[in-house]
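Have a look at the structure below before the remarks.
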Amino acid sequence: MPYTPSSLMPQSDAASPAGDSVSEPVDAMVAMRGVRKTYGSAEILRSIDLRVGRGEIAAVIGPSGAGKSTLSRLLGLLERPTSGSITIDGHDVTALSESGLRAARREIGTIFQASSLLHRRTARENVALPLEYARVNRHDRRRRVDELLERVGLSHRADAYPAQLSGGERQRVGIARALALGPSLLLSDESTSGLDPATTRTVLALLRELRDDLGLTIVLITHEMEVVRATADTATLLRGGAVVESGPVGELIARPRSRLGVELLPDRHHIESDPDEVVWRVTYTGAQPSLDWLGRLSAENGLDVRLLGGTVESIAGRPAGRVTIATRDDDELPRFLAQLGLHAERVEESAVAPPGEWSGAQRTGVVA
Ligand SMILES: Nc1ncnc2c1ncn2[C@@H]1O[C@H](COP(=O)(O)OP(=O)(O)O)[C@@H](O)[C@H]1O
Ligand SMILES: [Mg+2]
């Protein structure tokens, strides 16, 4: 892939070279099929199937030791799978020769933890590193680095050394470096671990902005559910080297008994209902729900509604809620709410989790 100084511009839908077999739908940037990875007799990844759409921010979440970094190294083409196939941007990368791999790696930028910068090099020199390896001439390199530092809002810190930068600034240098060769796929392996919550949010906001402006596809590897909530379009739960669950974030929240859905939007304990009341769980995600639904239930349907509990949040920039209400009069409620874009299901009080059942999961997320 030739070096293109203008690749910070929004990407066109560049066609793959003629003659390549493209077996995935055109909108798939990453497709892993039956991917296994063993080290000696240890099976670290077992039959992973994962598909990431073009321009998607796909979170891979799981506890420590789940195999996330191993998966990241396979996608970064730093290691090969033991078996199975990996397609990136329509090309089967499992079959590539060493020189083919080197070329393909340029399409993939990797952001590591903030500490991965070279300490004896300035911000500018760190960002220039991949361009030096790619033998980009001094003039183009300079121009490209200026452009990259401006893109991540760090022009004024170009000559600072890593030790002189804040954690968030170091991470932005890392992002600029990952973008140096104009990748179409960005991998982030725990790139916000160790950053405080406010800095984490600004780094994640920058990643979303880059996705929107440059059409990047981002695989975001993390053990923190908050990272998924703030940024991801889709989430995949990895545990013991296997995919437990995967899907668009909104769908996971709406999916009954979804582990990820409940972790994303906890089903909190609600106030007890009266014996003669009917209890409903109302769920909404994604597409434009009417957020005034609660008032409208009373105003338009004359229902006497009591709010028993719930969680209402912005997830990946969209409203999402899981709310428990009680009514005395019921039959029309699901139909009315469906018209407003909300899903209501009746909760049998006996089926409500006893106190404590979810609290462990809520406190520790999937790291438990
Ligand atoms: N090069 C390796 N050789 C042997 N075992 C490894 C190697 N890399 C990782 N592992 C093992 O694979 C498992 C998953 O590791 P890793 O992918 O780093 O998980 P995560 O990033 O989810 O914490 C761990 O049990 C780890 O010890
Ligand atoms: Mg890891």
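The values are calculated or read from the model by the stated rules, or taken from the named source; none is laboratory data. No experiment lies behind these values; they were computed from the predicted model shown. Every residue, glycine among them, receives a Cβ derived from its backbone with ideal geometry; neighbour counts consider all protein chains shown. When the accessible area is computed, the model is the full protein with side chains, heavy atoms only, and any ligands, DNA or RNA have been set aside. Shrake-Rupley method; radii C 1.70, N 1.55, O 1.52, S 1.80 Å.
Would you list the helices (runs of 4 or more DSSP H) that sit entirely within the stretch 195-283 and hold 3 or more residues that are surrounded by fewer than 18 Cβ atoms within 10 Å (Cβ to Cβ) and in contact with a helix residue (DSSP H, G or I) (Cβ under 8 Å, 6 or more places away or on another chain)?
197-214
Which residue is surrounded by the fewest Cβ atoms within 10 Å (Cβ to Cβ), if the candidates are limited to the stretch 68-96 and must be within 16 Å of ligand 2 (Cβ to nearest atom) and aliphatic (A, V, I, L, M)?
Taking the stretch 68-96 and keeping what is within 16 Å of ligand 2 (Cβ to nearest atom), we get 68-76, 78-79.
Checking the rest, the ones that are also aliphatic (A, V, I, L, M) come to 71, 74-75, 78.
Details: LEU71: 28, LEU74: 23, LEU75: 25, LEU78: 12.
In this case the residue turns out to be LEU78.
Let's see how each residue does on (1) surrounded by 12 or more Cβ atoms within 10 Å (Cβ to Cβ); (2) modelled with pLDDT of 85 or more; (3) among the hydrophobic types (A, V, I, L, M, F, W, C); (4) within 29 Å of the chain's Cα centre (by Cα):
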| position | (1), (2), (3), (4) |
| --- | --- |
| ALA316 | yes, no, yes, yes |
| ARG322 | yes, yes, no, yes |
| ASP330 | yes, no, no, no |
| TRP358 | yes, no, yes, yes |
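Anything in the stretch 294-307 that is surrounded by 14 or more Cβ atoms within 10 Å (Cβ to Cβ) and within 19 Å of VAL347 (Cα to Cα)? List them, or say none.
Result: LEU294, LEU297, LEU303, VAL305, ARG306.
Of all the residues that make up the stretch 81-112, how many are touching a Pro at 6+ places or on another chain (Cβ under 8 Å) and free of Cβ contacts under 8 Å to residues at least 24 places away in the same chain? Full working, then the answer.
Quick first cut of the stretch 81-112, residues touching a Pro at 6+ places or on another chain (Cβ under 8 Å) only: 94, 106-109.
Now narrow it down to the ones that are free of Cβ contacts under 8 Å to residues at least 24 places away in the same chain: 94.
Residues meeting the conditions: 1.
Name every residue in the stretch 97-123 that is away from ligand 2 (no atom under 16 Å from the Cβ) and surrounded by fewer than 15 Cβ atoms within 10 Å (Cβ to Cβ), in order of residue number. It would help to see each step written out before you state the result.
Quick first cut of the stretch 97-123, residues away from ligand 2 (no atom under 16 Å from the Cβ) only: 97-109, 117-123.
Within the stretch 97-123, SER97, GLU98, SER99, GLY100, LEU101, ARG102, ALA103, LEU118, HIS119, ARG120 qualify.
Based on this model, can you work out whether LEU45 counts as within 24 Å of LEU207 (Cα to Cα), within 12 Å of ligand 1 (Cβ to nearest atom) and more than 17 Å from the chain's Cα centre (by Cα)?
no
Identify the single condition in (1) in contact (Cβ under 8 Å) with a residue 24 or more places away in the chain; (2) open to solvent by less than 40 Å² (accessible area, probe 1.4 Å); (3) more than 30 Å from ALA158 (Cα to Cα) that ARG54 does not satisfy, given that it satisfies every other one.
Checking ARG54 against (1) in contact (Cβ under 8 Å) with a residue 24 or more places away in the chain; (2) open to solvent by less than 40 Å² (accessible area, probe 1.4 Å); (3) more than 30 Å from ALA158 (Cα to Cα), the one that fails is (2).
Only one residue in SER47, SER64 is surrounded by fewer than 22 Cβ atoms within 10 Å (Cβ to Cβ), more than 16 Å from ligand 2 (Cβ to nearest atom), outside the structural domain of ILE315 (by TED's automatic domain parsing) and among the hydroxyl-bearing types (Ser, Thr, Tyr), so which one is that?
Being surrounded by fewer than 22 Cβ atoms within 10 Å (Cβ to Cβ), more than 16 Å from ligand 2 (Cβ to nearest atom), outside the structural domain of ILE315 (by TED's automatic domain parsing) and among the hydroxyl-bearing types (Ser, Thr, Tyr) holds for just one of SER47, SER64, which is SER47.
Just name the residue that is nearest to the chain's Cα centre (by Cα) out of those in the stretch 53-108 that are among the hydroxyl-bearing types (Ser, Thr, Tyr) and away from ligand 1 (no atom under 16 Å from the Cβ).
Looking at the filtered set, the residue picked out is THR87.
Kindly indicate whether GLU224 is modelled with pLDDT under 95 and over 14 Å from the mean Cα position of the chain (by Cα).
no
Every residue, every condition in (1) under 26 Å from ILE175 (Cα atoms); (2) touching a Leu at 6+ places or on another chain (Cβ under 7 Å), yes or no:
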{"position": "ASP213", "(1), (2)": "yes, no"}
{"position": "VAL219", "(1), (2)": "yes, yes"}
{"position": "VAL228", "(1), (2)": "yes, yes"}
{"position": "THR231", "(1), (2)": "yes, yes"}
{"position": "GLY240", "(1), (2)": "no, no"}
{"position": "LEU260", "(1), (2)": "no, yes"}
{"position": "GLU272", "(1), (2)": "no, no"}
